[in-house]
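Quick notes on the structure that follows.
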Amino acid sequence: MAVDLRNATGADVRAACRRGELTGPTPGLALGYVQANLVVLPRDWAFDFLLFCQRNPKPCPLLDVTEPGDPEPKFVAPGSDLRTDLPAYRVWRNGELVEEPTDISKHWRDDLVSFVIGCSFTFENALLAANVPVRHIEQNVNVPMYRTNIECRRAGRFSGPLVVSMRPLTPGDAVKATKICSRFARAHGAPVHLGDPAAIGIRDVAKPDFGDAVEVRAGELPVFWACGVTPQAALMQAKPPFAITHKPGHMFLTDVRDVDLDGE
């Protein structure tokens, strides 16, 4: 019998990925479990990226960092395997996207360090529990994500624009969402902007740089959160010889519960 992945555990979702049964986006899956972004880099690039995360905690809140060559993030998902347990990945060479596989075992090397980074999908369970609508879940699509004109703080070889995700809300729901999300600093926390997209360099919310467009209804404002796709924009600028990330919206499901991040 197929597992209902909306009411599943993080381990159930990882197992579905490992079996090749789940290759699509993960919004709304394993509600109550922390979702995470992934960045994998050679060891000689890892310190610069660690510094980038420390200087830019809003888009890059670290949940776990692995030892070189170890694909198991022991603190957030013991027994998991970052080579197989995501729905889809991106492989980068010299800052260029070269492949989007569903398994990265053939690309794995003994010098690779993995960074598991918090994701805004984590706080969506709390939003839904408070009757705050989450449009991309309603429409069963990926969250829309956009490059902005806000520059991240440089760290070594890494720099680049802040990437944001967007959820349309009424002003009242935006206030409610801000209070809720402020409790989840390790899942990007409170919004970074609401209202006029042009003020942060977004020309058209109907044309996201990553993910899918969603409906913005009368009386709603676009509300923007820092996004864990920010490192992918930084990779494009830094051009490391080799890197692996998650495909935007195709996240790693951990064993950590969202309530464990509440207040952190």
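The values are calculated or read from the model by the stated rules, or taken from the named source; none is laboratory data. Owing to the predicted nature of the structure, the values given are computational and were not obtained by experimental measurement. Neighbour counts run over all protein chains shown; Cβ positions are idealised from the backbone, glycine included.
Residue 112 meets all of the listed conditions (1) over 17 Å from the mean Cα position of the chain (by Cα); (2) not charged (D, E, K, R); (3) not assigned by TED's automatic domain parsing to the domain that holds residue 43 but one, namely (3). For the condition under 19 Å from the mean Cα position of the chain (by Cα) and buried (at least 24 other Cβ atoms within 10 Å of the Cβ), residue 178 does not qualify. Report yes if residue 224 is crowded, with 23+ Cβ neighbours inside 10 Å, within 25 Å of residue 34 (Cβ to Cβ), of a type in the set (A, V, I, L, M, F, W, C) and touching a Leu at 6+ places or on another chain (Cβ under 6 Å), otherwise no. Answer is no for this residue. Among what's in the stretch 50-86 and is assigned to a helix (DSSP H, G or I) and in contact with a Cys (Cβ under 9 Å, 6 or more places away or on another chain), pick the residue that is surrounded by the fewest Cβ atoms within 10 Å (Cβ to Cβ). It comes out as 54.
The condition (being of a type in the set (A, V, I, L, M) and closer than 20 Å to residue 91 by Cα) is satisfied by just one residue among 38, 51, 29: 38. May I ask you to verify whether residue 97 is surrounded by fewer than 20 Cβ atoms within 10 Å (Cβ to Cβ), touching a helix residue (DSSP H, G or I) at 6+ places or on another chain (Cβ under 9 Å) and under 15 Å from residue 228 (Cβ atoms)? So residue 97 fails the test. Listed residues 186, 167; which is closer than 20 Å to residue 54 by Cα, surrounded by 13 or more Cβ atoms within 10 Å (Cβ to Cβ), basic (Lys, Arg) and outside the structural domain of residue 63 (by TED's automatic domain parsing)? 186 is the lone residue from the list that is closer than 20 Å to residue 54 by Cα, surrounded by 13 or more Cβ atoms within 10 Å (Cβ to Cβ), basic (Lys, Arg) and outside the structural domain of residue 63 (by TED's automatic domain parsing). Being in contact with a helix residue (DSSP H, G or I) (Cβ under 6 Å, 6 or more places away or on another chain), within 22 Å of residue 60 (Cα to Cα) and not in a loop (DSSP other than H, G, I, E, B): is that true of residue 113 here? Against the criterion (in contact with a helix residue (DSSP H, G or I) (Cβ under 6 Å, 6 or more places away or on another chain), within 22 Å of residue 60 (Cα to Cα) and not in a loop (DSSP other than H, G, I, E, B)), residue 113 qualifies. Residues in the stretch 5-27 that are in contact with a Ser or Thr (Cβ under 8 Å, 6 or more places away or on another chain), of a type in the set (Val, Ile, Thr) and not in a helix (DSSP H, G or I): 23 alone. Do we find a residue being outside any loop (DSSP other than H, G, I, E, B) and farther than 14 Å from residue 148 by Cβ anywhere in the stretch 196-218? No, every residue in the stretch 196-218 fails to be outside any loop (DSSP other than H, G, I, E, B) and farther than 14 Å from residue 148 by Cβ. Tell me whether the stretch 107-121 contains one or more residues that are without any contact (Cβ under 8 Å) to a residue 60 or more places away in the chain and either closer than 20 Å to residue 180 by Cα or exposed (fewer than 14 other Cβ atoms within 10 Å of the Cβ) (or both). There is at least one residue in the stretch 107-121 that is without any contact (Cβ under 8 Å) to a residue 60 or more places away in the chain and either closer than 20 Å to residue 180 by Cα or exposed (fewer than 14 other Cβ atoms within 10 Å of the Cβ) (or both).
Of the set (1) buried (at least 19 other Cβ atoms within 10 Å of the Cβ); (2) of a type in the set (Gly, Ala, Ser); (3) under 29 Å from residue 105 (Cα atoms); (4) not assigned by TED's automatic domain parsing to the domain that holds residue 26, all apply to residue 249 but (4). Of all the criteria given as (1) part of a loop (DSSP other than H, G, I, E, B); (2) in contact (Cβ under 8 Å) with a residue 12 or more places away in the chain, the one not satisfied by residue 176 is (1).
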